[in-house]
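Derivation of every value follows stated rules applied to the coordinates shown; laboratory data play no part. None of these values were measured; they are calculated from a predicted model. All Cβ positions, even for glycine, are placed from backbone atoms using ideal geometry, and neighbour counts span all protein chains on display.
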Amino acid sequence: MTHFLDIHKTDPTDLQEILSSAQRMKNARLGRPKGAKDDTLPLAGHMVALIFEKPSTRTRVSFDVGVRQLGGEPLMLAGHDMQLGHGETIADTARVLSRYVDLIVIRTFEEAALLELAEHATVPVINGLTNRSHPCQIMADILTFEEHRGSIKGKRVVWCGDGNNVFASFAHAAGQLGFDLVFSGPETLDPEAEAVEFARSKGVTVTIERDPAKAVEDADLVVTDTWVSMHDSDTTKERRHNQLRPYQVNAELMRHASEHALFMHCLPAHRGEEATNDVMDGPNSVIFDEAENRLHAQKAIMRWCLAV
Ligand code: CP
Ligand code: NVA
């Protein structure tokens with residue numbers, strides 16, 4: 001069974017193959033209406049269950065559209081409408097869904113739920129975000145970086161803000177694809193050691209730099225994300241805001257970075273908090289390319305999982 005659970009669990013050769021396939025499919029669709037199907041329909045006859053236990057705009061729509069472009073049938077399922085949200089086990093849900101559909105995408109809270117689903121499903125499972133990682137996002141981000149700047153290998157990616165799930169997937173990608181990573185944020189919101197250790201074990205440099213102005217020097221890419229993730233408790237919001245304010249990505253901070261440094265944000269953004277409008281809408285921002293590339297990257301991930 002070929003699941004796409006995390007970037008560090010996927011062979012680097014497969015990651016490269018997924019990125020190339022995404023780029024090929026993107027190029028082949030240039031100028032076409034969004035609703036047009038691709039020339040080849042590798043998902044024809046395939047049902048894809050899309051389970052969301054948390055809100056989503058990009059992941060939900062890009063998977064839905066991507067399945068249709070590839071000739072398949074998406075089935076959108078809100079976690080709270082399923083028996084899963086009312087006491088049925090994940091294992092039983094996995095066994096049942098595997099009798100109806102060919103592929104399952106899930107956005108959930110605990111990573112354990114994703115892993116249990118994958119263990120009991122007899123069809124591939126794709127991670128659409130958990131509290132710990134967001135691999136589909138980072139595949140789209142790498143695709144975006146490479147479209148603008150060529151290979152990410154050997155480049156320097158600087159993260160400003162919360163050491164969250166999106167950062168963890170960047171750390172996994174750094175190890176697998178060979179780029180250096182700098183984390184700049186308060187010690188209380190440091191990333192999980194496991195993701196950082198994974199990257200370091202692959203020979204890349206992961207640096208912690210508390211001074212954001214120093215951190216962004218020589219950056220090829222500056223990235224941030226919301227200060228309060230969907231799984232964070234609301235009671236920590238004010239404390240997080242106070243701690244993260246010095247790490248806001250604004251024009252002043254970007255003056256310390258080189259002119260060629262791209263800016264990314266996976267969105268949704270809280271404009272004026274983690275990043276200001278001048279950066280979000282500035283010349284180095286590629287935030288909407290990232291959003292578009294979710295579609296192309298995920299189509300490639302689904303094809304890879306199903307070997308079609
Ligand atoms: N970036 C991202 O995953 O967005 P959604 O939460 O809208 O899916
Ligand atoms: N870190 C954010 C990403 C949203 C796409 C969250 O988990 O809420």
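Among E238, E217, E290, the residue with the largest mean-square fluctuation in a Gaussian network model of the chain, with springs joining Cα atoms closer than 10 Å, is E238. Evaluated with a Cβ-only charge set (Lys, Arg +1; Asp, Glu -1), the chain carries a dipole of roughly 840 debye about its Cα centre, given to the nearest 20.
Restricting the GluC sites (Glu not before Pro) of the stretch 136-195 to loop positions (DSSP other than H, G, I, E, B) with no more than 11 neighbouring Cβ atoms within 10 Å leaves nothing. Seen against the Cα atoms of the chain and their longest principal axis, helix 12-28 is set at about 80 degrees.
The phi torsions of the stretch 110-125, fed into the Karplus equation with coefficients 6.51, -1.76 and 1.60 and a -60° offset, translate into couplings of 6, 4, 4, 5, 4, 5, 5, 4, 5, 5, 9, 7, 10, 10, x, 10 Hz, rounded to whole numbers, with Gly and Pro shown as x. Compactness of the stretch 116-196 is given as radius of gyration and Dmax, 14.0, 42 Å, from Cα positions.
The H on the amide N of L221, modeled in the peptide plane, is under 5 Å from the matching H of R156, V158, L262, each at least 5 residues off or on a different chain.
When the Cα centres of the stretch 1-76 and the stretch 135-175 are compared, how far apart do they sit, in Å? Here the answer is 19 Å between Cα centres. The slack in the chain from E252 to H80, taken as 0.36 nm per residue of separation less the alpha-carbon distance, amounts to 57.6 nm. GNM remark for the chain: springs join alpha carbons under 10 Å apart, and the peak mean-square fluctuation among T205, T236, T89 falls on T236. Set against the 2.2 N^0.38 Å expectation for a compact globular protein, the chain has a Cα radius of gyration ratio of 0.97. For the stretch 58-128, the relative contact order is 29 percent, taking Cα pairs closer than 8 Å that sit 6 or more residues apart in sequence and dividing their mean separation by the residue count.
Kindly flag which residue pairs out of K26/K155; K34/K155; K54/K237; K54/K202 have an alpha-carbon separation exceeding 28 Å in this structure. Over 28 Å Cα-Cα: K34/K155; K54/K202. Remark: relative contact order (the chain) = 20 percent; criterion is Cα-Cα distance under 8 angstrom and separation of 6 or more residues.
Below 8 Å, C-alpha to C-alpha, sequence gap of six or more: please give me the relative contact order for the stretch 213-308 in percent.
Details: 103 pairs, mean separation 31.2, N = 96.
Relative contact order here is 32 percent.
The long axis of helix 165-177 is offset from the longest Cα principal axis of the chain by roughly 90 degrees. Its Cα gyration tensor gives the stretch 29-146 an equivalent ellipsoid. The semi-axes, each the square root of 5 times an eigenvalue, are 25, 17, 12 Å from largest down. Trypsin sites (Lys or Arg not before Pro), restricted to the stretch 218-295: which are DSSP loop and have at most 14 other Cβ atoms within 10 Å? Filter output for the stretch 218-295: R255. Peptides 159-171, 105-117, ordered by how many other C-beta atoms sit within 10 Å of their residues on average, highest first, read 159-171, 105-117.
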